[in-house]
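The structure under discussion appears below in the form of structure tokens.
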Amino acid sequence: MTSSAAPSASAVSVLALAPVVPVVVIDDAADAVPLARALVAGGLPAIEVTLRTPAALDAIRAIAAEVPDAVVGAGTVISRAGVAKAVGAGARFLVSPGWTPALLDAMQGSGVPFLPGVSTASEVVALLEQGVREMKFFPAEAAGGTAYLKSLAGPLPQARFCPTGGISLASAPSYLALPNVGCVGGTWMLPPDALAAGDWARVENLAREAAALQRP
């Protein structure tokens, strides 16, 4: 992939960037660039770096500056301050595990696409009232999985989701087959032992396997 062909989160829906979005926890910012390059080389350009570690913002900055083919976003965004810091570091999309009116207001004013987290029908309806139609479904497996999302599709067909939480290579196709699912988030292409060893070739191979999953 060349930089001219890199997808833009500002031009298209986050849900359309790739069938699978890697959910990355980075403990050492020095790992950010080689990890992102491996994921992009494997066909997964949209990368969610979670704000769970002190290294996360530096990791986002590094990926934004040095991996032009990546569309780097911030996950675990839970506050106004988190929104501002993530966008300031170069995040091109935002993902939250849940939402409040204040957090939603901050994300809507951020200037970048966002996926607020939901796990109930009432939360979905509340977001639809605010004009938000794209959401993260979390924690996907624990909250009811494909059966729950299938049930939501009937009364709430206008809502579309990125399910995340407990999804694997084996279960991802059943999610992607649902009409209200645009992509899935996962960590299975990022095994802890490969990250600890800096085995970026293995990460690239696992990313390529994940990228081969297609929406029907």
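The values are calculated or read from the model by the stated rules, or taken from the named source; none is laboratory data. On a predicted model such as this, the values are computed, not experimentally measured, just so you know. Using ideal geometry, Cβ is built from the backbone for each residue, glycine included, and neighbour counts are taken over all protein chains shown.
For segment 65-111, filtered to residues that are charged (D, E, K, R) and closer than 30 Å to Ala41 by Cβ, the residue that is farthest from the chain's Cα centre (by Cα) is Glu66.
In segment 164-186, of all residues being of a type in the set (A, V, I, L, M, F, W, C) and under 17 Å from the mean Cα position of the chain (by Cα), the one that is farthest from Val118 (Cα to Cα) corresponds to Leu169. For the residues Leu103, Leu15, Leu35, the requirement of being surrounded by 18 or more Cβ atoms within 10 Å (Cβ to Cβ), at pLDDT below 95 and in a helix (DSSP H, G or I) singles out Leu15. Across segment 140-165, the number of residues qualifying as within 12 Å of Pro97 (Cα to Cα) and either touching a residue at least 40 places away in the same chain (Cβ under 8 Å) or touching a strand residue (DSSP E or B) at 6+ places or on another chain (Cβ under 6 Å) (or both) comes to 4.
Residue pairs whose Cβ atoms lie under 8 Å apart, separated by 6 or more positions or on different chains, with the first residue in segment 59-86 and crowded, with 24+ Cβ neighbours inside 10 Å and the second among the aromatic types (Phe, Trp, Tyr), are Val71/Phe93; Gly73/Phe93; Ala74/Phe93; Val77/Phe114. Met189 falls short on exactly one of the conditions (1) part of a helix (DSSP H, G or I); (2) farther than 18 Å from Leu115 by Cβ, and that condition is (1).
Taken together, Gly145, Gly154, Gly165 contain a single residue that is under 20 Å from Leu17 (Cβ atoms) and modelled with pLDDT of 95 or more, which is Gly165. Considering segment 147-163, the residues that are in contact with a helix residue (DSSP H, G or I) (Cβ under 8 Å, 6 or more places away or on another chain) and in a loop (DSSP other than H, G, I, E, B) include one that is nearest to Leu115 (Cα to Cα), namely Ala159. Scanning segment 110-120 turns up one or more residues that are over 29 Å from Leu35 (Cβ atoms) and free of Cβ contacts under 8 Å to residues at least 40 places away in the same chain.
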